[in-house]
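Novice: Pasting a structure below so you can have a look.
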Amino acid sequence: MICVSISGQTASQILEELNHVSMAEIRLDLLNLSDNEIMEVFEAHPNLIATYRPGRVTEIERTRQLKLALKHGATWIDIELEAPTDWKKEMIMFASKLGKKVIISTHNFEKTPTTDELLSLVEVMQKEGADLVKLACLADSAAACARLLSLYERYKNILVIGMGPHGSITRIAAPFLGAPFTFAAGTAGKTAPGQFTFSEMQRAIQLINHGE
Ligand SMILES: O=C1C[C@@](O)(C(=O)O)C[C@@H](O)[C@@H]1O
């Protein structure tokens, strides 16, 4: 499944885009949605991730908006491995009471760590109670991609992404190796380096499925 990562749009543009996709990530930190618009967007589609990366607003406000999204239909929230443990526990508890799922994610915009480091990151995120572990690392070589993709042999419920131009293969391979979905850019543009557009990703998946 392709998950379109939505940023930089108005609520009505988002609602229009949601008509054409089976899954989307709503990057609340890269949008300017009012409470009413958050409710409207999350109520409009059955398979949305609510993501609000830290730094733009207070932690109280970020938490409030993530909880609002969950109460109004988000299927998933994405929380950062680096966030305080108590906050992660609070969000996991809140989501699970509503029957919603939690992605614990970590990003490394500089490099792909060693295999041992990757394994221990996955294990920590699993232990913390992630329904899905997401690891996105800048991949600067074929070896880095191979290292990232090798994690699929060991673990279920993971999504491993190689960011940057060298990491593209990992984005296409992900759903074929066990990831529940892979990210593509929304119509307003990429939310991470190396993302394909939705139609490019659709085409790549079709090519592999049909062996064309
Ligand atoms: O964590 C991820 C993955 C991502 O960083 C990517 O590389 O496609 C894009 C982010 O919006 C999302 O939250």
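Novice: Given the residues 61, 17, which is the only one that is farther than 29 Å from residue 175 by Cα and out of contact with any helix residue (DSSP H, G or I) (no Cβ under 6 Å at 6 or more places or on another chain)? I'd like the intermediate steps shown before the answer.
Specialist: On the way: 17 fails: farther than 29 Å from residue 175 by Cα.
None of the others qualify; the one that does is 61.
Novice: Then there is this: Of all residues in region 171-191, which are within 11 Å of the ligand (Cβ to nearest atom) and either at pLDDT below 95 or open to solvent by 20 Å² or more (accessible area, probe 1.4 Å) (or both)?
Specialist: Answer for region 171-191, where residues must be within 11 Å of the ligand (Cβ to nearest atom) and either at pLDDT below 95 or open to solvent by 20 Å² or more (accessible area, probe 1.4 Å) (or both): 190, 191.
Novice: Given the criteria near the ligand (Cβ under 9 Å from one of its atoms), among the charged types (D, E, K, R) and either surrounded by fewer than 18 Cβ atoms within 10 Å (Cβ to Cβ) or on the phi < 0 side of the Ramachandran plot (or both), does residue 203 qualify? Even if it seems obvious, please write down each step before you answer.
Specialist: On the way: near the ligand (Cβ under 9 Å from one of its atoms): no; among the charged types (D, E, K, R): yes; either surrounded by fewer than 18 Cβ atoms within 10 Å (Cβ to Cβ) or on the phi < 0 side of the Ramachandran plot (or both): yes.
Criteria not met by residue 203.
Novice: Shifting gears a bit: Under 8 Å between Cβ atoms, at least 6 apart or on separate chains: pull out the pairs that start in region 153-173 with a residue that is without any contact (Cβ under 8 Å) to a residue 24 or more places away in the chain and end on any residue that is more than 13 Å from the ligand (Cβ to nearest atom) and open to solvent by less than 100 Å² (accessible area, probe 1.4 Å).
Specialist: Close Cβ pairs satisfying both conditions: 156/178.
Novice: Output the qualifying pairs, or none if there are none: Cβ atoms under 9 angstrom, residues six or more apart or on different chains, first residue in region 67-82 and at positive phi, second residue open to solvent by less than 10 Å² (accessible area, probe 1.4 Å).
Specialist: Between residues of region 67-82 that are at positive phi and residues that are open to solvent by less than 10 Å² (accessible area, probe 1.4 Å), the close pairs are 73/41; 73/42; 73/48.
Novice: Let me ask another. Looking at (1) of a type in the set (S, T, N, Q); (2) in a loop (DSSP other than H, G, I, E, B); (3) over 26 Å from residue 186 (Cα atoms), which one does residue 126 not meet, given that it meets all the others?
Specialist: (2)
The values are calculated or read from the model by the stated rules, or taken from the named source; none is laboratory data. All values derive from a computational prediction rather than experimental measurement. Every residue, glycine as well, gets a Cβ built from its backbone with ideal geometry; the counts of neighbours run over all protein chains shown. Heavy atoms of the whole protein, side chains included, go into the accessibility calculation; ligands, DNA and RNA do not. Shrake-Rupley method; radii C 1.70, N 1.55, O 1.52, S 1.80 Å.
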